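Undergrad: This is the structure I want to talk about, given as C-alpha cells.
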Ligand code: NAD
C-alpha cells in the first residue's frame, strides 16, 4: 500500500501516515456515496438531523484529541485548534436543525394549474479542502450539504490527512456511510472533480487551483462552489476606535501565523491617525511570541513549510528593499526548532509596492498605508482581484453604511473583524470565489429546484 506521510511543521518530524489513494479508490468512494444517496438518506430529514447531532456529540467527546492533532499537523497554537473544534460543533448542530426546514413553494398559476417548486438534494458532492483550518472548513460546507440530503466524498490537503481520519472515525455508523474520504494531492483531487457521479464540487483553497477546478467542472456541467483566496482589508477612519482596530488587526492578521483566507493583512488608515496606528501596532506586534505551538506562552507557531516560509519572505524582502519594514522582517532568531518560524512583521508607508498590497501573502505580515478621503479608501480597497472580507472602523454611521455598500467584498464588518456565523451566508466576490457557505444559502447550494406542475 502506498502511504501519504505527514510531517510536523513545528519540528519537521514524521507524525503519521494514511493510505495514498489512486483513481480506482476515487471511483469506489464515489460509487459508495452514490449507493448511500439512493437510500433513505435523501428523503428522511429527521434521520439526517439525528445523524448530524450524534456526530457533533461524538466529536465533542474527542475534542481535545482532535485539537491536539490539528496543532500537530498545522502548527497553529492549541487555543486556535480548540476554536476550530468548537466551530465544527456549531456547524453540525445548527445544520441538524436546518435539515428539517428545507421546503419549497406553491404557485397558483394563471392557467388554473398548480406549480409545486420542490428542493431536492443534488447528488454526490465532492469536498476538497486546504490545510489551514482543515476540519472546520470542511464542516462549514459539508454540514449544510449533508443536511440537504447529499452524500459526500472528501479530499483533505496532503498536509492534514490525520485530523480528517480521526474525525471520520467518530462518524455515526449507518448501513450505508454517507461520507467517504480519498487521500492524496492534486492528482486525486483532479480525479474526484472529473468523476461523473459527482454533481457538485465544493472547493476551498487557492484562487489558482480554484480556477482549474472551475474549468474542469464546466467541461461536464458539474456545479462548482468555490471558496478561494483573499486580501482582507480594514479601513480605519480618524474617528474610529483605534485601540480596538489595532487589537482586531493583531488578533486576525496573525491568527494561524497569518495563514487565513480572512486574515486582516492590509490596513488603509486615514492620514490624521496613520502614525498612531503604525506606532501602536508595531509596539504590540513586537511583543508577540513565536515558538512551539504547544508552548502555552506562544502566540504564533511556524508557517506550514519551509517552502511556504521562503515565499512569505520574498514579499517581506520587497518591503525591506524599500525601507518599509517597521517590525520583524525575517526568521525568528529565538526559535531553534526545525520549522519555518517567521517573526510577525509590520510593513508601513505612504504607499506600498502593489505586490504587497494586492497579493495574498498568507503569512504573519500586515501592511499599513495612508488614505485621505473615503472615496480614495474605497477605490484602493476595491483595487484588488480578491473580495472576501473587509472591515470599516468609524463611529460615523452614515459613512459606515455608505462605505460598506461600495466595497466589493462578500463580508464587510463595521467596528469588528472576522466574525462569522452559521446563520449568515458568507463567500467571495471577484476572484475570491463563487457561491456561498453557511445559512440557508449554504444548504441551498446543494439542492436542485424542480417544478412539478399539476393540472387540477
Ligand atoms: P491549494 O489550492 O493549494 O489546495 C487546496 C486543496 O486542493 C488541497 O486539498 C489540494 O490537494 C487540492 N488540489 C490541488 N490541486 C488540485 C487540482 N488540480 N484539482 C483538485 N484539487 C486540487 O490551497 P492550500 O495551500 O491548501 O490553502 C491555502 C489557500 O486556501 C489560500 O489561498 C487561502 O486563502 C485559501 N483558503 C480559502 C478559504 C475561504 O473560505 N475562502 C479558507 C481557507 C483557505
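Undergrad: Quick one: 361, 236, 118, 250, fewest Cβ neighbours within 10 Å first, how do they rank?
TA: 118, 250, 361, 236
Undergrad: Okay, next question. Using all C-alpha to C-alpha distances in segment 85-187, build P(r) with 10 Å bins and read off the rounded percent in each one.
TA: Percent of Cα pairs in each bin: 13, 40, 26, 11, 7, 2.
Undergrad: Based on the alpha carbons, how large is the Rg to Rh ratio for segment 100-160 when Rh follows Kirkwood?
TA: 1.25
Undergrad: A further question follows. Which FRET efficiency, nearest 0.05, do residue 79 and residue 452 yield, Cβ-Cβ r, R0 45 Å?
TA: The value I calculate is 0.35.
Undergrad: Okay, next question. In whole angstrom, how far apart do the alpha carbon centroids of segment 268-291 and segment 7-23 sit?
TA: Cα centres, segment 268-291 to segment 7-23: 37 Å.
Undergrad: Arrange 455, 90, 334 by Cβ neighbour counts within 10 Å, fewest through most, would you?
TA: Exposure proxy ranking, most exposed first: 455, 334, 90.
Undergrad: Further, regarding this structure: If you wrap a convex hull around the C-alpha atoms of segment 356-426 and split its volume per residue, what is the figure in Å³?
TA: Convex hull of Cα atoms, per residue: 115 Å³.
Undergrad: OK, next. I want to check the label-to-label distance for residue 423 and residue 382. Put each point 7 Å from Cα in the C-beta direction and report it in nm to one decimal.
TA: Calculated label separation equals 3.0 nm.
Undergrad: Can you check what the Kirkwood hydrodynamic radius comes to for the chain, Cα pairs only, in Å to one decimal?
TA: 23.0
Undergrad: Still on this structure, I have one more. Can you pull the percent of Cα pairs in segment 337-456 with separation above 20 Å?
TA: Value for segment 337-456 (Cα pairs over 20 Å): 58 percent.
Undergrad: Restricting everything to alpha-carbon atoms, can you work out Rg to Rh for segment 233-414 with a Kirkwood hydrodynamic radius?
TA: We get a ratio of 0.96 for segment 233-414.
Undergrad: Over 14 Å, how big is the tail of the calculated P(r) for segment 218-296, in percent of all Cα pairs?
TA: Pairs farther apart than 14 Å: 68 percent.
Undergrad: Taking 8 Å as the Cα distance limit and 6 or more residues as the minimum spacing, I'd like the relative contact order of the chain as a percentage.
TA: 19
Undergrad: Going by Cα centres, segment 212-239 and segment 296-373 are how many Å apart?
TA: Segment 212-239 and segment 296-373 have Cα centres separated by 23 Å.
Undergrad: What value does segment 129-275 have for Rg/Rh, both radii from Cα atoms and Rh as Kirkwood defines it?
TA: Checking Rg against Rh, the ratio lands at 1.09.
Undergrad: Assuming 0.36 nm per residue, please report the length gained on full extension of the stretch residue 414 to residue 350 beyond their Cα-Cα distance.
TA: So the extension gain works out to 20.6 nm.
Undergrad: May I pose another question? Report, in whole Å, the centroid distance computed from the Cα atoms of segment 179-199 and segment 395-456.
TA: For segment 179-199 versus segment 395-456, the Cα centre distance is 27 Å.
Undergrad: Bin width 10 Å, origin at 0, all Cα-Cα pairs of segment 1-88: what percent of pairs per bin?
TA: Pair shares across the bins are 14, 26, 34, 23, 3.
Undergrad: What's the exposure ranking of 346, 85, going from fewest to most Cβ atoms within 10 Å?
TA: Ranking 346, 85 by Cβ neighbours within 10 Å, fewest first, gives 85, 346.
Undergrad: When only C-alpha pairs under 8 Å and at least 6 residues apart count, what is the relative contact order of segment 233-414, in percent?
TA: That works out to 27 percent.
Undergrad: Next up: At a Förster radius of 22 Å, what calculated FRET efficiency corresponds to the Cβ-Cβ distance of residue 105 and residue 441, to the nearest 0.05?
TA: 0.85
Undergrad: Rounded to the nearest 0.05, what FRET efficiency is calculated for residue 373 and residue 310 with R0 set to 56 Å and r the Cβ-Cβ distance?
TA: 0.90
Undergrad: I need the per residue convex hull volume for segment 278-344, using only the alpha carbons, in cubic angstrom as a whole number.
TA: Spelled out: Cα convex hull of segment 278-344, divided by residues, is 82 Å³.
Undergrad: Restricting the count to DSSP beta bridges whose residues both fall in the chain, what percent are antiparallel, rounded to a multiple of 5?
TA: That works out to approximately 40 percent antiparallel.
Undergrad: Output the direction-averaged projected area (hull surface divided by four) of the convex hull of the alpha-carbon atoms of segment 323-379, in nm².
TA: The directionally averaged projection comes out at 4.7 nm².
Each value in this text was obtained by applying a stated rule to the coordinates, not by laboratory testing. Just so we're clear, the structure is a prediction, and the values are computed from it rather than from any experiment. Every residue, glycine among them, receives a Cβ derived from its backbone with ideal geometry; neighbour counts consider all protein chains shown.
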